[in-house]
Amino acid sequence: MLTRRKFLATAACTVVAARLHAEGQSKVRVALAIPSEATGPHMPVDFVGLSYEVQQLSDPTFFSARNSDLIREFKALSLTGVLRLGGNTSEFAYWKPAPNSPEPEHPQVREAEGEPKAHYYAVTVEAVRNLAEFLQATGWTCLYGIGMGTNTPARAAEEAAFVAETLGNRLQYFQVGNEVDLFARHLRDPKTWSPKTYLEEWLTLTRAIAARVPAAKFGMPDVTSNVSWLTEIADRWTSIQVPPQVTTLSHHYYFGGPATNPDVNIPNLLKPAKIQRVEKTANIATAAASKIGARVRMTEGNTCYRGGKPGVSDVFAAALWSADYSLLLASNDYSGINLHGGTGKSVANSVGGALPGDALLEAKGETPEQIAAHPHPFYTPIATFGSEYLLEPVAYGLKFAGSFSGGTLLKTEFSTKLQDAGVNATAYAAKLRGGRTSVIILNKDAAADLEVELDFGRGVSGVLETEMLHAPAQDSREAHITTSTKTDSLKQGKCSVIISRATGLRLTLT
């Protein structure tokens, strides 16, 4: 029977321990120089974020100051994170300002695979007030999603006015519309729906909001993956008279899916080829954002869409993926990342009522008790087991990458040299606040260990604090982040470390 193991944060790993772990194994050697000048993008202090369905607000006790266990896990992930509320269910949410407020008439929508049923979810005054207290308790801010698919300008403006007043400075911006490039599947006429018609409708809603909340800020267009929409919107932006204040262009990213797709597996998740896909998207998105003076944020994504895949999304490989993907976005000047999750019920409702991963486990012969031992959804960063909340592998990778938050990236040839050396590994470096230099090397290779000689430059001295992200194997449900306080010293600005297969190592010069 599959057992549920906590992901542990322990102490007592050193660079020497990393060497001992790899003793007797074949190694790929590479020398990497670390530049002294921080010339890369700045990684904002609030880079790390989570994404939840708006339907989560239908339970006012979830995001609440009284939910102390969930607050603990949010703070364990980041003290300055960003909570994004949106998802497919945001298009079927309605503002309920009073207990007797009627539910709107249900719209005529077409059923489509992977899309929610046409069922409304109420967002109440109590839920928003509790959300404000939750944000205050965690230290996080919020990207608040307001639906477009079934909404009206009047309802949108009324909800936004209350949210802005209640959340105060914990509100970063409003996101109006979720995955609008897919509206033609079920919410709009496929013959007429386009970036042009979307922008016209979006302006109607956001101007109604701005009339009630003059200081309102917005993110847009929150597309699934079709970033060409960002380009077309940016090209049209200059013709808009007195446009609303847009701070962020946003898109989503899932490596693949659904769970039944055999191509969604650990080797494909971690292979270097996906880097080119991510960088191509980043180039298009950042170019569009620069035209309108905005930043880019990946506001919803994870390993496998429609709830994740057991054995891929809920194992240590997902930690290596999330650390690598997060740092790759930071290197491409993104303002942040929000990995999607929540409760199994909310995510299942967002994709039609069921998680494909459950059917996969049933087909493998797992019992209901065994299936329940998996996190639901399988990709969630914070899992809910009864009344217990636990950080999952993907969250540990995000936390590992988040150690660079507030720093400035150092542009190096790390990843190129590592791949040329014949090992599936990436590396990143940053100048942290306070002037310390930190390096993260992710050995995603399933077979090869990596010996790296780091050259910080002659005359550079100090000792290296280390942190290691590791597990027994890539498909392990067990993972650890271990730190050390006693480390190696530099000799003439150099040190040599061994990073075992399927391991991440962070070295910080102090």
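Where does segment 388-448 land on the Kirkwood hydrodynamic radius, alpha-carbon pairs, in angstrom?
Hydrodynamic radius (Kirkwood, Cα only) of segment 388-448 equals 13.1 Å.
Give the peptides 214-223, 138-147 in descending order of average Cβ contacts within 10 Å, highest first.
138-147, 214-223
On the Cα set of segment 48-404, report Rg and Dmax in Å, please.
Both quantities, over Cα of segment 48-404: 19.1, 60 Å.
If you average the sequence gap of Cα pairs under 8 Å that are 6 or more apart and divide by the length of the chain, what percent do you get for the contact order?
For the chain, the relative contact order is 22 percent.
Measuring from centroid to centroid over Cα atoms, what is the spacing of segment 407-450 and segment 48-117 in Å?
Using only Cα atoms to place each centre, the spacing works out to 36 Å.
Taking other Cβ within 10 Å of each residue's Cβ, how do Ser64, Ser387, Ser313 sort, fewest first?
Fewest to most other Cβ atoms nearby, the residues stand as Ser387, Ser64, Ser313.
Return the calculated 222 nm mean residue ellipticity for the chain, to the nearest 500 deg cm²/dmol, obtained by summing -39500 (n - 2.57) across DSSP H runs with n ≥ 4 and dividing by the residue count.
Working: 15 runs with 154 residues, N = 510.
Mean residue ellipticity at 222 nm (helix-derived): -9000 deg cm²/dmol.
As a footprinting exposure proxy, order His106, His374 by other Cβ within 10 Å, with the fewest listed first.
His106, His374
Checking the cross-link filter: which aspartates and glutamates have an alpha carbon closer than 20 Å to that of Lys196, excluding same-chain neighbours under 8 positions apart?
Straight-line reach from Lys196, under 20 Å: Glu91, Glu179, Asp181, Asp222, Glu232, Asp235.
Could you give the dipole magnitude of the chain about its Cα centre, charging the beta-carbon of Lys and Arg +1 and that of Asp and Glu -1, in debye to the nearest 20?
The dipole magnitude comes to about 1120 debye.
By DSSP, what percent of the beta bridges with both residues in the chain are antiparallel, rounded to the nearest 5?
45
Translational diffusion coefficient of segment 127-262 at 37 °C, 0.692 mPa s, Stokes-Einstein with Kirkwood Rh over Cα pairs, in µm²/s as a whole number.
It diffuses with D of about 205 µm²/s by this estimate.
When all alpha-carbon pairs of segment 18-97 are counted, what percent fall beyond 18 Å?
Working: 2106 of 3160 pairs.
In whole percent, the long-distance tail amounts to 67.
Could you give me the radius of gyration and the Dmax of segment 308-451, taking only the C-alpha atoms into account and expressing both in angstrom?
17.8, 54
When Ser68, Ser290 are ordered from fewest to most other Cβ atoms inside 10 Å of their Cβ, what list results?
Going from sparsest to densest Cβ surroundings: Ser68, Ser290.
Readers should treat all values here as calculations from the given coordinates under stated rules, not as data from a laboratory. On a predicted model such as this, the values are computed, not experimentally measured, just so you know. Note that each Cβ is placed from the backbone with ideal geometry, even for glycine, and that neighbours are counted across all protein chains shown.
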